[in-house]
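See structure below.
Quick note: the coordinates plus some simple rules give every number you see, no bench work behind them. All figures in this text were calculated on a predicted structure; none of them were measured in a lab. Here the Cβ is made from the backbone with ideal geometry for all residues, glycine too, and neighbour counts use every protein chain on show.
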């Protein structure tokens, strides 16, 4: 490709507010352009990278035995209604009607679609297992897009779905996909951490994220130093220690407590440790149920864990008026003790206690009246939660198996999900015929990789202050050839070399511009990030050579012009 | 690929009502499945074919200098409003709102999107010309889908857009794209006819369809035997001969005419030729304007030509009540003579006469009253049309340049459009900086190929009563290897051969099923349509060979098992 002919050249103008390096560099270098917020054009250079990433994924998926196919972009909404996901996917799901009144979902994933095509066939145990995948545009109606390709509203995803006779067979595939993903990301220049995570609206019992460690990432996860444990904050567990169970329970006492609404106000007033205070957080879910989450004062409530436990799709904090008028309690002074006594009869309230509360004695906290606190609160005796479970957010320094958790941030580039019977139990005819001729639901898994986000992650990891440093496998061009000066003979020689590369099918981007200074050409070469730079100039031609430099090295060497092709020729 | 592992096997059940061969075969052979009407899954075999078609297109487009990129699927509706296409695309355009209230179009083409990305750059005459293209999902909210992949509501299209300093430069690209398309379709096994056609809602002054002759096609076009003229019926012109201009005009006469409403009723009553009768057709457009189209009795009104002339997007026939109550005329007796005299004042009426009417004398027809006709009607003297133009539908046997037109039907697989300044004049900043530093709108063209429809066209052309006969370039697998009998040794030998093919990267589909009879395997091989069939059986192994047969030939030959790889080895 001649750079003079390329659509999408480098630009110096980028918003100074842009803090995400990958967005800045991909924009400046002419790989991407935003259409509207969260929706991107991939310019010719960006499209080559995107396709190379997809090619690597395709090769490894095919190698694993998975088969590529493709489903329509518009999913009949009826299918999403069959699994009730039209509700659980919530606001993120975009819907559209055609002129005949038929409703469609712009899918974020395609479980229902793939089951729908599979059930068009009579599947027997002999046909199982199989894994089918596609590359297709996915939609997420995010409230906020950010960071270029990191969180978008529209993107190409590789999504795969596997079908099995049982869990044992599925587990082999889950491991195979995990290994395949590790291979894929390695080829793309990314080292990934496999992190247990939440399944969001996908369903199923467990899943794992593939995370690239990076400060710009949105995935907060916790690992032990030896990597024996790695979990997303949404699901990370930790050991909750017994604090003072050796103490004797004291009598429950109500005391005056002229204090502010914050946890530290309680600490100050009662001169007791924070962990001994009960933290009370009142939520409302999408069915207008009230949920009082209570937990040790120095822990935070993990809303994802809480949602799963109470089977809610959405949670919001109750406001002061609701707490006063419906619960008849007082903000800052909520207590699980007798909390349901004054509850408005039209409402439901569920008290969920973190299991940490059973490991402390003589706690203190509000008394459902302004300026009144209880001292010596003890579980079972003084209050009886409806549910007792782990609803705590893990923190740096917490212990798991006697090892300290370390907090990290990263970019989620892929994930794998156990689905089990989550979909096949809900959807009609999602069955295979077993050895005895009986219809059985199949056991499933699904596996996704976001292409654009992966591309951004590569740039986050592989760049310097001058620009991108592409791993060879996905560089848009292997060689950035540039010619310096306006001498006709030099341009001629460079063009001959360019033509030779083209003839040998060695990917080369030829900066043939005549109206651009050397400095700008060098800067553009660094910004664009091809693995090798070759310079042809009056100077190099004097010694019948060209200058070759690797993008990620300072070393430059002169190679004889007739030998340079050999250097890059690869066996095909 | 082992057939036993393949998702999407052959099926015998297909609706007996299905008359489109490509739909029947692609369904039966397991290449495609309908999701909802007009939206298709491409199963693993179908996806390979689709990708191979795209690869051929990509290679030829790249060869022509065009550059691949990709735009978002959701187009900001604001862009379509800039060109007013949100209205002209009419019902076919699907629209959607996101949760923030922003409106998007599910595009059928992407002119506005590509201009929008181009105008994000400062383009100068030095950057021009360029041609950028994408493969992306397109949407058409068709009222009726039909015929499998022939007319769908969602499909992958290769759409390209070229940008030029002027018309001269554009014309070179138009010719290059035309040649490129011919090459592409030839590689895909399709011989195409280049047919002048209507631009629909794309705009611009002229365009051409690439049509594959086929009785199942929806494109009706007219060609001369020597192919010097080829036009879609929407735009085909022909010589309108003078009929009786040697006659003297007679006095206009109103006569009683107790006749039916049809043209032949007039012929019978007045005993005059059909061509001498005036055919009056009353239309209503989307702005509620009435349009009276009048034409020689033996010709039909071409609504597409009429729409262009009166600049309407939609036309429908006026109903009897409208003709009586608004026009104050009578169905079957409409006449251009004094037609506006009794018109309801709230309405507008435009009389459009086909230019054939000037070539006849003493015509006859209705008189705007029931059972009243006029005789000896002559243009100018008796009626004065608002517009006189060609609004006639060409027919088989009509003449052009003294050559007879032949009517043909075909499948439109691609098209190329001159756009000129149609878009760049409407959209802000759709300009480049010329040599004098002045901003000028660019001159444009666009070029489309429908992938699925092309695939269907290939099957329509390349099949027999047993199944598909894929051209080698796009066959999902080059070789269909099948093993007969249950003897372990035979299966072993076949598997060794299969592994050798795989190792050499020769594409092979291995029918390794053990529970299927020979007849079914042969039938499936024919149905699936790989170019070569190789049989390994007890019989062939006895003479240490395999049986090789081309799909499109009856001849079978025995090849030594050790030599068969050599036969298919290709230089890479």
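Key figures
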read-out	value
For region B:327-440: relative contact order, % (alpha-carbon pairs under 8 angstrom, 6 or more apart)	21
Estimated inter-spin distance, residue A:407 and residue B:343, nm [label 7 Å along Cα→Cβ]	7.7
Normalised contact order of chain A, rounded percent, pairs of Cα under 8 Å and 6 or more residues apart	16
Shape call, chain B: gyration tensor on alpha carbons, a/c limit 1.5	prolate
A from B by rotation - nearest chain B beta carbon to the axis, in Å	B:96, 2
Label point 7 Å beyond Cα along the C-beta direction, distances from residue B:437 to other copies (nm, shortest first)	8.9
Footprinting exposure proxy for B:324, A:358 (fewest neighbouring C-beta atoms within 10 Å first)	B:324, A:358
Alpha-carbon centroids, region A:134-191 and region B:91-129: separation in whole Å	29
Tensor-based shape of region A:481-572 (alpha-carbon gyration tensor, a/c under 1.5 rounded, otherwise prolate or oblate)	rounded
For region B:22-57 and region A:497-572, distance of Cα centres in Å	43
DSSP-defined antiparallel bridges as percent of all bridges, chain A, nearest 5	80
Global geometry of the protein assembly as shown, whether rounded, prolate or oblate, following the gyration tensor of its Cα atoms and the 1.5 cut on a/c	prolate
Computed helical MRE - 222 nm, chain B, DSSP H runs ≥ 4 contributing -39500 (n - 2.57), nearest 500	-7000 deg cm²/dmol
Label-to-label distance, nm, for residues given as residue A:206 and residue A:176 (7 Å Cα→Cβ offset)	2.0
Cα-based radius of gyration of region B:229-275 once divided by 2.2 N^0.38 Å, which approximates compact folds	1.70
Peptides ranked, highest mean first, by Cβ atoms within 10 Å: ranges A:526-536, B:223-233, B:250-260, A:194-204	A:526-536, A:194-204, B:223-233, B:250-260
Order of A:208, B:270 under a 10 Å beta carbon neighbour criterion, fewest first	B:270, A:208
Euclidean distance of C-alpha centroids, region A:269-344 and region A:371-434, integer Å	18
7 Å along Cα→Cβ, label-point gaps from residue B:515 to other copies, nm, shortest first	7.1
Other-copy label distances relative to residue A:342, 7 angstrom Cα-Cβ extension, nm	8.3
